[in-house]
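Report on the following structure.
The values are calculated or read from the model by the stated rules, or taken from the named source; none is laboratory data. This one's a predicted model, so the numbers in the text were calculated from it and none came from an experiment. Ideal geometry is used to build each Cβ from the backbone, glycine not excepted, and the neighbour counts take in all protein chains shown.
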Amino acid sequence: MDNMDLTLIEVAKMCGGELSPGSDEKLIINDVVIDSRKAIDNTLFVAILGEKQDGHEFVYDISQKFKVANLVNKEQILKLADAQSVLKLPNLIYVKDTVKALGKLASCYRQKFDIPVVGITGSNGKTTVKEMLKLICEQQFGAKHVLATEGNLNNHLGMPLTLLKLNSTHKVAIIEMGMNHAGELDYLSNLAKPTITLVNNVLLAHAGFFNEIEDIARAKAEIYHGLSNTGVACINTLEPHYPIFEENIAPKIKRFYYGDNKTACYVKAKKADGSICVATPIGDLTVKLQVLGEHNEKNALSAIALALNLNCDPTNIENGLNNYQGFARRLEQKTAFNGALIIDDSYNANPASVKAAILAIEELPKPHWLILADLRELGKFENQAHEEIGRFASENKIDKLLTVGELAAIANKTFIGDKLHFISNRDVVKYCLDNLPKTATLLIKGSLSTNLKEVVNGLLKLEAV
């Protein structure tokens, strides 16, 4: 089976829904989508009521074009101008809440597969750990036998869609789980029922929804709630809040500790050629990453911990990690208009990832310039966090700080050294076009919503933005 291959009546039962009159109970459903533009024959379209659009508005049109089924809420349909036409359609599955029904469908479907399911979360690096582990598993099991979260499909909508991609060829599933509120990971973990889980770290990311960092740790630790008694909880002892993880793990569940040298899995040595030696229960591993930063060595250690519990061979672990080349706009090395080195880390940012990026460029050509934009979603921590970044940049050999945005201006004030503040991305690009030294390393960092991508592009193409 290379796809879902469920009948409509099976899907309806899994969702806990009721079929509309005239439905084809034997209609085969091969895929599930929440974007009406992706609907084709034999798909289930889940109509989601969003902030800007209501998926129910597209049910009639796609039903006229394709042989589809639709997961809908009757009350929402009754609000439509063409409500009576929609209500006459066959192959509607009526439920009270389409989002919860999608989760229930994914949960029921996941239980059809007796394979290892890895659950990964963390404030930083969860996508990196997922991709590192994916490469290891592709070495171990073969690429077609590995299912892994794609893109940012790690929330209450994306994760169920990932689970619904499972098929009989898969030998392992690697599921990334994200959160910004308490309770989210409890929900996701209990849907996915992972057999192995891990919290990569706990840092000030999406902190605006929490009062203290300990509250973030408790919310992250919810990923352990979905483990069965035969599951494995991987616990990073380098994470100061790991005792909070312990509180959220059922007593009978196996623990696998890694991180410091009191455990069986830790970084034993760093070699002159840039490789690291990792002690493990199956012998020492030697890994030479192609990506910058000590934080990526820690990400690799998390991937190794998970791989060990998937019984991956040492050679496959080493080869998988050695093949990891990173992501676009995450410490990505590029050449500026004048030959200077750009470190494009503009995909997103939180305080810890800014500090990690500053440390990652330590051995790169000087002078070191930093373009810093606002770090958002930090709530009551935002002023303190930006003040600390300014001081940290001063103490860690940033030669020139260029800031953009009201929050970044706070970091500018605490930075001791050569610095300038700009009102817009356009202004900072113009300044760099005139003043960036050819020998410089320019690190560009800020929250995704600050759109620093346009700064990077402006400096690559010699175009003001």
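For the range 420-430, how many residues meet the condition of being within 28 Å of Gln384 (Cβ to Cβ), in a helix (DSSP H, G or I) and not acidic (Asp, Glu)? Walk me through how you get there before you give the answer.
Let us first name the residues in the range 420-430 that are within 28 Å of Gln384 (Cβ to Cβ), namely 420-425, 427-428.
Now drop any that are not in a helix (DSSP H, G or I), which leaves 425, 427-428.
The next check asks that each one be not acidic (Asp, Glu); those that pass are 425, 428.
Of the residues in that region, 2 qualify.
Looking for whichever is surrounded by fewer than 18 Cβ atoms within 10 Å (Cβ to Cβ), of a type in the set (Phe, Trp, Tyr) and either over 21 Å from the mean Cα position of the chain (by Cα) or assigned by TED's automatic domain parsing to the domain that holds Glu377 (or both) here; the options are Phe337, Phe327. Which one fits?
Details: Phe327 fails: either over 21 Å from the mean Cα position of the chain (by Cα) or assigned by TED's automatic domain parsing to the domain that holds Glu377 (or both).
Step by step, each of Phe337, Phe327 is checked, and only Phe337 is surrounded by fewer than 18 Cβ atoms within 10 Å (Cβ to Cβ), of a type in the set (Phe, Trp, Tyr) and either over 21 Å from the mean Cα position of the chain (by Cα) or assigned by TED's automatic domain parsing to the domain that holds Glu377 (or both).
Considering only the range 50-66, how many residues are loosely packed, with under 13 Cβ neighbours inside 10 Å and within 17 Å of Leu19 (Cβ to Cβ)?
0
Considering only the range 245-257, I want to know if a residue exists there that is part of a helix (DSSP H, G or I) and farther than 17 Å from Leu306 by Cα. First the steps, then the outcome.
Here is the first cut: in the range 245-257, the residues part of a helix (DSSP H, G or I) are 245-247.
Narrowing further to those that are farther than 17 Å from Leu306 by Cα: 246-247.
Yes.
Any residue at all in the range 85-97 that's more than 23 Å from Leu153 (Cα to Cα), aromatic (Phe, Trp, Tyr) and assigned to a strand (DSSP E or B)?
Yes, the range 85-97 contains at least one residue that is more than 23 Å from Leu153 (Cα to Cα), aromatic (Phe, Trp, Tyr) and assigned to a strand (DSSP E or B).
What residue, of Ile175, Ile216, is buried (at least 24 other Cβ atoms within 10 Å of the Cβ) and either assigned to a helix (DSSP H, G or I) or touching an Asp or Glu at 6+ places or on another chain (Cβ under 7 Å) (or both)?
Just one listed residue meets the conditions, Ile216.
Tell me which residues, restricted to the range 261-294, are in contact with a Phe, Trp or Tyr (Cβ under 6 Å, 6 or more places away or on another chain) and not aliphatic (A, V, I, L, M). Steps first, answer last, please.
The first filter runs over the range 261-294 and keeps only residues in contact with a Phe, Trp or Tyr (Cβ under 6 Å, 6 or more places away or on another chain), leaving 263, 265, 279.
Within the range 261-294, Thr263, Cys265 meet the criteria.
Tell me, yes or no, whether the range 154-161 has at least one residue that is outside any loop (DSSP other than H, G, I, E, B) and surrounded by 24 or more Cβ atoms within 10 Å (Cβ to Cβ).
Yes; the residues of the range 154-161 include at least one that is outside any loop (DSSP other than H, G, I, E, B) and surrounded by 24 or more Cβ atoms within 10 Å (Cβ to Cβ).
Taking only the range 132-147 into account, find how many residues are crowded, with 21+ Cβ neighbours inside 10 Å and either assigned to a strand (DSSP E or B) or among the acidic types (Asp, Glu) (or both).
2
Can you name every residue in the range 151-186 that is more than 14 Å from Lys126 (Cβ to Cβ) and acidic (Asp, Glu)?
Once the filter is applied, which keeps residues that are more than 14 Å from Lys126 (Cβ to Cβ) and acidic (Asp, Glu), the range 151-186 yields only Asp186.
Of the residues that make up the range 298-312, is at least one in contact with a strand residue (DSSP E or B) (Cβ under 6 Å, 6 or more places away or on another chain), without any contact (Cβ under 8 Å) to a residue 40 or more places away in the chain and not in a loop (DSSP other than H, G, I, E, B)?
The answer is no; no qualifying residue exists.
All but one of (1) under 25 Å from Asn348 (Cβ atoms); (2) free of Cβ contacts under 8 Å to residues at least 40 places away in the same chain; (3) buried (at least 18 other Cβ atoms within 10 Å of the Cβ) hold for Glu150; which doesn't?
(3)
Mind listing just one residue for me: the one in the range 433-447 that is under 33 Å from the mean Cα position of the chain (by Cα) and β-branched (Val, Ile, Thr) and, of those, surrounded by the fewest Cβ atoms within 10 Å (Cβ to Cβ)?
Among those that are under 33 Å from the mean Cα position of the chain (by Cα) and β-branched (Val, Ile, Thr), it is Thr441.
Take the residues in the range 98-112 that are among the polar types (S, T, N, Q) and assigned to a helix (DSSP H, G or I); name whichever of them is farthest from Ser168 (Cα to Cα). So that I can check it myself, show each step before the final result.
Here is the first cut: in the range 98-112, the ones among the polar types (S, T, N, Q) are 98, 107, 111.
Subset that is assigned to a helix (DSSP H, G or I): 98, 107.
Numbers: Thr98: 26, Ser107: 16 Å.
So the residue we want is Thr98.
Of all residues in the range 255-288 being touching a helix residue (DSSP H, G or I) at 6+ places or on another chain (Cβ under 7 Å) and of a type in the set (A, V, I, L, M, F, W, C), which is surrounded by the fewest Cβ atoms within 10 Å (Cβ to Cβ)?
Ile282
Name the single residue that is farthest from Glu363 (Cα to Cα) among those in the range 417-449 being of a type in the set (S, T, N, Q) and at pLDDT 95 or above. Even if it seems obvious, please write down each step before you answer.
Step one: list which residues in the range 417-449 are of a type in the set (S, T, N, Q), which gives 424-425, 435, 439, 441, 447, 449.
Restricting the remaining residues to those that are at pLDDT 95 or above gives 424-425, 435, 439, 441.
Values: Ser424: 30, Asn425: 27, Asn435: 22, Thr439: 13, Thr441: 10 Å.
Selected residue: Ser424.
Being crowded, with 17+ Cβ neighbours inside 10 Å, modelled with pLDDT under 95 and within 25 Å of Thr169 (Cα to Cα) is true for just one of Met4, Met14. Which residue is that?
Working: Met14 fails: modelled with pLDDT under 95.
Being crowded, with 17+ Cβ neighbours inside 10 Å, modelled with pLDDT under 95 and within 25 Å of Thr169 (Cα to Cα) holds for just one of Met4, Met14, which is Met4.
Tell me which residues, restricted to the range 67-82, are of a type outside the set (Lys, Arg) and either exposed (fewer than 15 other Cβ atoms within 10 Å of the Cβ) or part of a loop (DSSP other than H, G, I, E, B) (or both).
Correct list: Val68, Asn73, Glu75, Leu78, Leu80, Ala81, Asp82.
Could you list, in sequence order, the residues of the range 413-430 that are surrounded by fewer than 20 Cβ atoms within 10 Å (Cβ to Cβ) and under 18 Å from Arg376 (Cβ atoms)?
Residues satisfying the conditions are His421, Ile423, Ser424.
Looking at the structure I just gave you, is Gly119 among the small types (Gly, Ala, Ser), at pLDDT 95 or above and not in a helix (DSSP H, G or I)?
On the way: among the small types (Gly, Ala, Ser): yes; at pLDDT 95 or above: yes; not in a helix (DSSP H, G or I): yes.
Spelling it out, Gly119 is indeed among the small types (Gly, Ala, Ser), at pLDDT 95 or above and not in a helix (DSSP H, G or I).
If I filter the range 363-403 down to residues being modelled with pLDDT of 95 or more and of a type in the set (D, E, K, R), which single residue comes out as nearest to the chain's Cα centre (by Cα)?
My answer is Asp374.
Residues in the range 212-239 that are touching a residue at least 12 places away in the same chain (Cβ under 8 Å) and either hydrophobic (A, V, I, L, M, F, W, C) or farther than 23 Å from His156 by Cβ (or both): how many?
18
Filter the range 432-457 for residues that are among the charged types (D, E, K, R) and not in a strand (DSSP E or B) and give the result. Write out each step before concluding.
Of all residues in the range 432-457, those among the charged types (D, E, K, R) come to 434, 438, 445, 453-454.
Passing the criteria: Asp434, Lys438, Lys453, Glu454.
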